[in-house]
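Every read-out reported here was derived from the displayed coordinates using simple, explicitly stated rules and does not represent laboratory data. Remember, predicted model here, so these are calculated numbers, not experimental data. Every residue, glycine as well, gets a Cβ built from its backbone with ideal geometry; the counts of neighbours run over all protein chains shown.
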């Protein structure tokens, strides 16, 4: 009876204990609404160096044109820049909530991935423990067989 307590699990018993592996990336994408997908799309695009360079270059061109361009063609002459400030504020006002929503969604996705990783790690730990128990049992059997062979040799 004591031997059954330390008996390693069979392969079939291990398979029965194992929950099916799930792809949390697919699960997460399937649960997103159109607005949430749009927020993630914006977050992924706005958070790049390319977007930063576009805004930076546009600002330099805007400020340069309205500072040193021909006076008759300046549409927001120095020191006004009121239109540029308004547009940049509108961009910030529109992007900030979208970026925050996108980051929240990405955070939830990261949490689900971490949970799935934990499940896989737990399963792997259980399987490794079972393999170690099998190896210990095999080692004991081999030692017992060697002892029996030694006893037979002495006879």
Point to revise | FRET E, pair residue 17, residue 108, Förster distance 41 Å, beta-carbon r, rounded to 0.05 | key: 0.90
Revision key, fill the gap. Computed from the beta carbon distance with a Förster radius of 22 Å, FRET efficiency for residue 25 and residue 48 to the nearest 0.05 stands at 0.55
Review point. What base-10 log of the normalised intensity I(q)/I(0) is obtained for the chain from the Debye formula, alpha carbons as equal point scatterers, at q = 0.11, 0.19, 0.21 Å⁻¹?
Key: -0.73, -1.15, -1.25
Practice item. For residue 138 and residue 82, compute 0.36 nm times the residue count separating them, minus their Cα-Cα distance, and round to one decimal in nm. Key: 12.0 nm
Review point. On average, how much area does the Cα convex hull of segment 13-65 cover when viewed from any direction, in nm²?
Key: 5.9
Exercise for review: Would you mind checking the tilt of helix 34-46 against the longest principal axis of the Cα atoms of the chain, expressed as 0 to 90 degrees and rounded to 10?
Suggested key: 80
Revision key, fill the gap. To the nearest 10 degrees, the tilt of helix 49-68 (Cα long axis) against the first principal axis of the alpha carbons of the chain is 10
